[in-house]
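The values are calculated or read from the model by the stated rules, or taken from the named source; none is laboratory data. Model, not experiment: these values are computed from the prediction. FYI the Cβ positions are ideal-geometry reconstructions off the backbone, even for glycines, and counts take in every protein chain you see.
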Amino acid sequence: MNKVIRLLLLISPVLILGLAIYDMQRPWQPPLDPNTPQYISISLLLEHPDVYKAPMEVIINGDIYNKSLSGEILFLYGGPDGYFKVNCSEIDVSAISGGMHVYVRGVSYYDDPTKEYLLAREVYRHQSYSYYLSIPGVILILIILFVGFRFSLDDVSFSRRAEEVVKDA
Amino acid sequence: MPDWLTHMGIAYVIIWGISKVPKYDTRFRKYYWLLMIGMVAPDLDRIIRVVAQFLDFTTLLNLSYSLTYVTHSLLGVALISMFITAFFPREKGIKFIYLAVLFGGFGHLIADLIFYPWVGMGQYLLFPLTGSEFAFSFHLVWPGGLIPLYITAAFVLGTVIIDLIQRNFSVFSYNFGRK
């Protein structure tokens, strides 16, 4: 195998993984423009209440872990950091049920101790089909690789054999 | 993000369009499948996510989300294309293989730009620059839904109908791995 190709094979996944780890580890920075709606994770909102003060508009997403009986307060599951409350008293959330994935746009009131929640202005409930629809895509890719490119686990190459290239030529 | 099937459908429509121009068809036919693989390559992180969800492994799940940021950027697509190209060591014209996968990856990024109707959300094309200020999107539809698949399916069906009328399925006529 060409040395340059081998280097690419080794270095590119390492660089991708390195960038991903860098993204996970890098120190958090406050938004550059507090007037722009900020798309953030729930854990970030919980970790940095000093920055996300009212009336900052934020967008969060997460899986619905629970919903109050009145339907006014949604508890969004935020991973290992705990729960985050969303006050949905101003909008209709009747169609949302447990297990759904939702995007919530609202206003952070962390600076007000009497309002430890995000006041929702708009909610989009999200039922993803993409994982299921990716299955036929994966099957097609495998057909292309194993039938079209004659993928071989022996030499980790999708290419035709050298003798076949010569034969075709 | 659209599913892999939608991305492959978009790639097929592009390939079909190129195949109808004999001048370009002759020149680029070898790279059609590479374009198709490049079109789904930025979503390879999903494999890790599915495994992480299956194992309930939070760190791996967080890594998969970070990988999504990386792979859905210009830099990430360039790196993934390098990785895929490296699996074709014996092919001549390795630069063109890289370009085919790269264009497929860029096509993926363009397709993903339709997502997130709300301002402040989008793709971080300039990763490692992130934040709402660097989120690019046309703000049209939500990810995970069926609308992109319906639209793509309509286009693919249109190509099939045209091929049926013309009795010409030339896009499939090249057998890459023939003996």
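Of note, B:Thr152 does not satisfy the criterion of being within 12 Å of another protein chain (Cβ to nearest Cβ) and closer than 26 Å to A:Asp23 by Cβ.
Of everything listed in (1) touching a Pro at 6+ places or on another chain (Cβ under 8 Å); (2) within 22 Å of B:Pro143 (Cβ to Cβ); (3) surrounded by fewer than 23 Cβ atoms within 10 Å (Cβ to Cβ), the single unmet condition for B:Val77 is (3). The helices (runs of 4 or more DSSP H) found wholly in region B:1-69 and carrying at least 3 residues that are of a type in the set (A, V, I, L, M, F, W, C) and under 10 Å from the mean Cα position of the chain (by Cα) occupy B:4-19, B:32-40. Being part of a helix (DSSP H, G or I) and closer than 23 Å to A:Gly62 by Cβ, is that true of even one residue in region B:70-93? Yes, that holds for at least one residue. Only one of the numbered conditions (1) buried (at least 23 other Cβ atoms within 10 Å of the Cβ); (2) at pLDDT below 85 is not met by B:Ile37, and that is (2). Counting only residues that are among the β-branched types (Val, Ile, Thr) and more than 10 Å from every other protein chain (Cβ to nearest Cβ), region B:63-96 holds 1 of them.
Are any residues in region A:10-47 among the hydroxyl-bearing types (Ser, Thr, Tyr), at the interface with chain B (Cβ under 8 Å from one of its Cβ atoms) and part of a loop (DSSP other than H, G, I, E, B), and if so, which ones? A:Thr36, the sole residue that qualifies. Does region A:95-104 contain at least one residue that is closer than 28 Å to B:Val141 by Cβ, touching a Ser or Thr at 6+ places or on another chain (Cβ under 9 Å) and either surrounded by fewer than 15 Cβ atoms within 10 Å (Cβ to Cβ) or modelled with pLDDT of 65 or more (or both)? Yes, the conditions are met somewhere in region A:95-104.
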